[in-house]
Amino acid sequence: MIPTEWWWVRLLDFPRLPFAVGSVAVGLALLPFTRRAPRLTLAALALVSLALAVNVWILWPYRPTGGTRADECPVERRLSVMVANVQLGNRHAQPLVEAVGREEPDLFLAMETDAWWDAALKPVQESMPHVLQRITGSYYGIHLYSRLPLVNGGIRHLAGQDTPAVVTGVTMRTGEVVDFVGVHPKPPQPWQSARGRDAQLYAAAAVLRDRVEPGVLAGDLNATPWEIAVERMARLSGLIDPRRGYGYVATWNAHSSWLRWPLDHVFHEGGFATLAVERLDAFGSDHFPYLVRLCRQVGEHPRTPLPQDADDIATANAVLAAAGATERLQTR
């Protein structure tokens, strides 16, 4: 409701489920006071009900309703993407390496990697020999391991940010090339603006929007899927959130049993169908690994038609310009 970039406002978008549960708890706690102070209590209950309704309305698309069965997709058309923020300073690599070996993803994106993690993840390369990586010495190291050949891949700094991103083509088993963008924008700081993060999301949308091949975007976005910037990014690039219909699937915070929300994502364009969405076991990081299995669809419309919403394009371009980015979104 408040169109601002300040994190201390945007952060309130994260704990939607805790807000909903808290609203129910407050409502139940107010019920005994209806006889003693009926007017005041009913007014408070109305506000609590409104808060609950807003949060339920936002979370409603992320309830589990089922999806395409895995056996309906030929093996050569499957594409699985695993995402893991390893948490800089975490030194428990073996459970993650074992999870990669067990799940056998086609693409594995690791973030917050440093020289130690570069060495610890070497066993992954035995089955995933195609690698793109950038070690920064900070929280923004990034590694992409691929079982499938990469095409014209590289590390880019989207929107002029100092957080590296992976931009590459991926050759599927059918021989078709699909686009992949892996990003890790900076995490929230209450005293800062969200402009840099939003600009990187819009720049990623611009990359996918300009390409012909169907695309996938993955990473720790430091954003929940219902945030304004994420929804705009998805509309601009024609991306679909596989969590819709598969559940809330919180990936942060692995160190808390109740304060959790989805920060890690795999978005795909309309040329894919979702086969499975999984949160894997914790391995010492504050993020759970996140795995999405997709099926490349065959049809007359392999890509989602790109929207022509002038307001979305203008807003995204204004953020990109304010962030000093060179990328721009064009009307198509």
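The values are calculated or read from the model by the stated rules, or taken from the named source; none is laboratory data. Model, not experiment: these values are computed from the prediction. With ideal geometry, Cβ positions are generated from the backbone for all residues, glycine too; neighbour counts draw on all protein chains shown. Ligands, DNA and RNA are excluded from the accessible area calculation, which covers all protein heavy atoms including side chains. Shrake-Rupley method; radii C 1.70, N 1.55, O 1.52, S 1.80 Å.
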Which members of region 34-89 meet the condition of being open to solvent by 90 Å² or more (accessible area, probe 1.4 Å), among the β-branched types (V, I, T) and touching a helix residue (DSSP H, G or I) at 6+ places or on another chain (Cβ under 9 Å)?
none
Which one of these is of a type in the set (A, V, I, L, M, F, W, C) and in a strand (DSSP E or B): V24, V54, V83?
V83
I need every pair where a residue in region 219-234 that is under 9 Å from Y202 (Cα atoms) has its Cβ under 7 Å from the Cβ of a residue that is open to solvent by 20 Å² or more (accessible area, probe 1.4 Å), sequence separation at least 6 or different chains.
R232/T315
The condition from (1) touching a Pro at 6+ places or on another chain (Cβ under 7 Å); (2) part of a loop (DSSP other than H, G, I, E, B) that P242 misses is numbered (1)
For region 139-191, which residues satisfy the criterion of being in contact with a helix residue (DSSP H, G or I) (Cβ under 9 Å, 6 or more places away or on another chain) and of a type in the set (A, V, I, L, M, F, W, C)?
L158, A159, A165, V167, M172, V181, V183, W191
Just to verify a result, which residue in region 97-126, among those that are aromatic (F, W, Y) and over 19 Å from the mean Cα position of the chain (by Cα), is least open to solvent (accessible area, probe 1.4 Å)?
W117
Subset of region 246-298 that is in a loop (DSSP other than H, G, I, E, B) and within 30 Å of G175 (Cα to Cα) - its residue that is most open to solvent (accessible area, probe 1.4 Å):
V298
I'd like the full set of residues that are under 18 Å from A205 (Cβ atoms) and at pLDDT below 95, limited to region 245-269.
E269
Of the numbered conditions (1) within 17 Å of L259 (Cα to Cα); (2) surrounded by 14 or more Cβ atoms within 10 Å (Cβ to Cβ); (3) at pLDDT 95 or above, V26 fails exactly one; give the number of that condition.
(1)
